[in-house]
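Scroll down for the structure; my scribbles are underneath it.
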Amino acid sequence: MPLQTRSRSRKMEVGGSDGDGREYKSFQEMWREEIGEGEEAKKKEWYQKGVQYWEGIEASIDGVLGGYGHVNDRDVKGSESFLRELLSELRHGKTNLVALDCGSGVGRVTKNLLQKYFNEVDLVEPVSHFLEAARESLAPNEQNGSDKHKSFNFYCVSLQEFTPEVGRYDVIWIQWCIGQLADDDFIAFLERAKSGLKPGGFFVLKENIATNGFVLDKEDKSITRSDSYFKELFIKSRLHLYKTREQKGFPQELFAVRMYALITDEPTRTHRKRPRNRPAMIMS
């Protein structure tokens with residue numbers, strides 16, 4: 001799912017709309033229409049149409065970013081600041097790190113960010129010509145600046161069909177792709193992917209955020225979820241929100257973009273001492 005422009009009208013949190021202005025009372029109503037209830041053929045069609053859309057897009061940074069290739073540098077800068085904090089807090093100086101780049105596209109995130117911090121990166125992408133572009137971009141040579149000591153593995157498969165190797169990854173990076181997944185496959189993927197994390201490993205999910213509810217894109221078969229919608233799915237996936245931050249500096253016509261760091265164990269809380277001469281407060 002590329003960067004997308006904002007929906008101009010506010011929706012009820014439980015409801016949403018599509019690009020044609022169609023209103024939905026709930027996400028359940030939308031999913032019933034799009035993928036049915038237990039109708040595997042209809043769900044398969046949803047995913048096939050999504051891949052077909054991207055097969056018609058140029059394998060370039062501008063192509064995968066929906067014509068907004070000029071925000072690449074700012075996006076990477078925001079991601080890098082977030083990632084560096086997380087590695088410092090959660091990985092405690094560990095070395096020989098391995099990352100998974102989900103929906104890797106042309107290898108934009110791996111080349112500009114992940115290869116700087118990880119010794120090995122696995123790229124998962126269902127659109128074959130994107131993955132081939134990533135392979136070429138990351139091939140070690142003097143022109144592209146790739147580190148010949150880094151290792152990359154390429155998997156042409158969709159997220160709903162991918163199962164990570166158990167205990168392989170320090171970080172699983174998911175950016176602008178999980179909007180392609182129906183809710184049940186979103187949860188199922190995160191449940192499977194948890195087993196792919198090393199002890200102390202974590203997810204980073206970076207996505208467009210709807211103001212309320214959701215916005216359905218019928219053209220590329222994806223949805224933009226609200227912050228609360230995402231958080232409900234995180235809970236259902238039995239993941240804990242460790243830290244979140246909004247991406248800054250994108251054009252105003254785009255959806256807001258938010259980063260989430262997710263961990264498998266509930267974060268420990270630090271208890272601050274109450275200042276002297278201040279009464280206690282009863283918290284409900």
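If R0 is 22 Å, the Cβ-Cβ spacing of SER81 and LYS231 corresponds to a FRET efficiency of close to 0.50. Going down the list LYS116/LYS243; LYS44/LYS248; LYS221/LYS243; LYS218/LYS243; LYS94/LYS248, which pairs span over 26 Å between their C-alpha atoms? Beyond 26 Å between Cα atoms: LYS44/LYS248; LYS221/LYS243; LYS218/LYS243; LYS94/LYS248.
Peptides 17-28, 73-84 ordered by packing proxy, namely the average of other Cβ atoms within 10 Å per residue, highest first: 73-84, 17-28. Across the accessible surface of the chain, with the other protein chains kept in place and a 1.4 Å probe, carbon and sulfur atoms take up 48 percent. Placing pseudo-labels 7 Å out from each Cα toward the beta carbon at HIS70 and SER128 gives an inter-label distance of 3.6 nm. Take the alpha carbon gyration tensor of region 107-229, find the square roots of its eigenvalues, order them as a ≥ b ≥ c, and report rounded if a/c is under 1.5; if not, report prolate when a/b exceeds b/c, else oblate. Here region 107-229 falls in the prolate category. Summary value for region 46-196: 23 percent relative contact order, contacts being C-alpha pairs under 8 angstrom separated by 6+ residues. The simple Förster model, with R0 at 22 Å and r as the Cβ-Cβ distance, assigns GLN252 and GLU58 a FRET efficiency of 0.30. With the simple model of a label 7 Å out from the Cα in the direction of the Cβ, GLU29 to ALA41 spans 2.7 nm. Across the chain, the volume of the C-alpha convex hull divided among the residues equals 160 Å³ per residue. As a size descriptor, the averaged projected area of the C-alpha convex hull of region 46-93 was calculated at 5.1 nm². Taking every protein chain into account, the accessible area of region 160-224 amounts to 27 square angstrom per residue (probe 1.4 Å). Residues in region 33-119 average 49 Å² of solvent-accessible surface per residue, probe 1.4 Å, ligands and nucleic acids excluded.
The values are calculated or read from the model by the stated rules, or taken from the named source; none is laboratory data. The structure displayed is predicted, hence computed values, not measured ones. Heads up, the Cβs are rebuilt from the backbone with ideal geometry, glycines too, and the neighbour counts pull from every protein chain shown. Note: areas computed on protein heavy atoms with side chains; ligands, DNA, RNA excluded. Shrake-Rupley method; radii C 1.70, N 1.55, O 1.52, S 1.80 Å.
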